[in-house]
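Below you'll find the structure, written out as structure tokens, and then a few comments.
The values are calculated or read from the model by the stated rules, or taken from the named source; none is laboratory data. In this text the structure is predicted, and so the values were computed from the model without any measurement. Don't worry about glycine lacking a Cβ; one is built from the backbone with ideal geometry, like all the others, and counts go over all protein chains shown.
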Amino acid sequence: MIQNEKNLSPSIAYDVHAIGNPEELLFFDIETTGLSVYRSSLYLIGYLYYDPSSSVWVSGQIFCESLADEADALKAFSRHLHENTILVSYNGDSFDLPFLKHMAAQYSIPLFSENQKSVDLLKLFRPLKKILHLENLKLKTCERALSIDREDPYSGKELIEMYARWQENRDPELLRILLLHNREDIENLPRILPLLHYRFLEQTEKTLLFQKVIASANGHAETLTLCYETGLSLPFPWEKQTETYRLHWEKCMIRLEVSLYAGELRYFYPDVENYYYLPAEDMAVHRSLASFVDAKHRKKATPKTCYQRQEGIFIPQPEDILQPVFLKEYKSADRFSLYRGQDLPAEDAVRYVNAVLHALLHEK
């Protein structure tokens, strides 16, 4: 069995607080000769932990030179597990942990406690595939999204053959490649944690900085621009655009551009029973006024005819944030608020951007 441990540079300061306290986290990754726990063997365990006494991260590996080293490798790894340890992996809940548990049971080695805490980053990253338009959620794909470079070009599957060759010839270069792949997997796990920021786009605090309306050549309001500062700094810009909204988030700043709507819309009164519809005027009036209209020129309003028409400039909105709400037709999905030439109240502006974010993130 070959073991190695090294202190990472003190300048490396992983921000891991999104998943736990540094002192409690144990990042780990295993390499095996196959996917089946019944037909495969364990040949490498990599791990990473924070040493508070020296304020550095420590990377280590336990390499099995042969099948006979499996039990000793498990025992060596167990020495890094404590009562409060939180295991952190990538797809570990589905593969690494079940594999190690089976091996430990096979050798009658107490490895994990019954209440072992575990964080599987792959599970946390699943919503990011759609949000970030990722091709897949492989570890290397997540690394590329953050421009993390790797020296190792091989897949875990390719390394199985290399391990078999190493057992035959003990080639130092093959051993270097095997260890490099695992070490980069381990040391890059904390480095991809900033991707978790994209899970909290809606929830993070936002403060309106300024807003302005850009007019077209004929002087009509055309685009509403709102800028915000947030409590969340993204590692790389995120942008989403539709015909109505364009949202650009760079570092901790949001710029939202909204295409305003010019034309006629309708405000539908909720208390239909109190209104009459006037066909000639194509509008509804309250019964207190309808009593002055000839009965031949009025009829009881229905939900579809209980409206007031309004000409003007309107702000589209995905939810009923800004009141009153105008529609194109009864029960139309598109919602609007009349733009009166005044700035939105700061609180409404924050609720508005959160509603737009929600709509963009959950767009089908």
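For L247, the conditions (1) touching a Ser or Thr at 6+ places or on another chain (Cβ under 6 Å); (2) of a type outside the set (S, T, Y); (3) not in a loop (DSSP other than H, G, I, E, B) are fulfilled apart from (1). Applying the criterion of being within 42 Å of the chain's Cα centre (by Cα) and surrounded by fewer than 20 Cβ atoms within 10 Å (Cβ to Cβ) to the residues of region 267-286, the residue that is farthest from F326 (Cα to Cα) is D271. Here the condition is being touching a residue at least 60 places away in the same chain (Cβ under 8 Å) and either farther than 30 Å from L81 by Cα or aromatic (F, W, Y) (or both); of F125, F112, it holds for F125 alone. Residues in region 39-90 that are over 18 Å from A104 (Cβ atoms) and polar (S, T, N, Q) were compared, and the one that is surrounded by the fewest Cβ atoms within 10 Å (Cβ to Cβ) is S53. Restricting L159, L180, L195 to those that are more than 19 Å from C64 (Cβ to Cβ) and surrounded by 14 or more Cβ atoms within 10 Å (Cβ to Cβ) reduces the list to L195.
Listed here are the residues, each with its yes/no results for (1) under 28 Å from V56 (Cα atoms); (2) within 31 Å of the chain's Cα centre (by Cα); (3) in the same structural domain as F236 (by TED's automatic domain parsing).
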residue: I148; (1), (2), (3): yes, yes, no
residue: K157; (1), (2), (3): no, yes, no
residue: I160; (1), (2), (3): no, no, no
residue: L175; (1), (2), (3): yes, no, no
residue: L178; (1), (2), (3): yes, no, no
residue: N182; (1), (2), (3): yes, yes, no
residue: P190; (1), (2), (3): yes, yes, no
residue: L195; (1), (2), (3): yes, yes, no
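Inspection of region 91-109 finds a residue satisfying the criterion of being under 15 Å from I62 (Cβ atoms), surrounded by 14 or more Cβ atoms within 10 Å (Cβ to Cβ), touching a Lys or Arg at 6+ places or on another chain (Cβ under 7 Å) and in contact (Cβ under 8 Å) with a residue 24 or more places away in the chain. On the basis of being in a strand (DSSP E or B) and of a type in the set (A, V, I, L, M, F, W, C), does L289 make the cut? For L289, the condition - in a strand (DSSP E or B) and of a type in the set (A, V, I, L, M, F, W, C) - is not met.
A count restricted to region 25-56 and to residues that are of a type outside the set (F, W, Y) and in a strand (DSSP E or B) stands at 13. Considering K328, K364, the condition of being farther than 22 Å from F210 by Cα, assigned by TED's automatic domain parsing to the domain that holds K206 and modelled with pLDDT of 95 or more is satisfied by K328 alone. Taken over region 65-84, residues that are within 29 Å of I12 (Cα to Cα) and either outside the structural domain of Q116 (by TED's automatic domain parsing) or of a type outside the set (K, R) (or both) amount to 10. Of everything in region 257-301 that is of a type outside the set (G, A, S) and touching a helix residue (DSSP H, G or I) at 6+ places or on another chain (Cβ under 7 Å), the residue that is farthest from L224 (Cα to Cα) is R298.
Scanning region 297-347 for residues that are of a type in the set (S, T, N, Q) and part of a loop (DSSP other than H, G, I, E, B), which turns out surrounded by the fewest Cβ atoms within 10 Å (Cβ to Cβ)? My answer is Q342. Does P127 satisfy the condition of being within 26 Å of the chain's Cα centre (by Cα), surrounded by fewer than 16 Cβ atoms within 10 Å (Cβ to Cβ) and at pLDDT below 95? When the stated conditions are applied, P127 passes them.
Elements of the type helices (runs of 4 or more DSSP H) sitting completely within region 111-230 and holding at least 1 residues that are closer than 30 Å to L357 by Cβ: these cover 121-125, 128-131, 139-145, 172-188.
Here S11 fulfils each of the conditions (1) free of Cβ contacts under 8 Å to residues at least 40 places away in the same chain; (2) in contact with a Phe, Trp or Tyr (Cβ under 9 Å, 6 or more places away or on another chain) apart from (2).
Matching residues to (1) free of Cβ contacts under 8 Å to residues at least 24 places away in the same chain; (2) outside the structural domain of L128 (by TED's automatic domain parsing); (3) more than 20 Å from the chain's Cα centre (by Cα):
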position	(1), (2), (3)
C227	no, yes, yes
C252	yes, yes, no
S259	no, yes, yes
A262	no, yes, yes
S288	yes, yes, yes
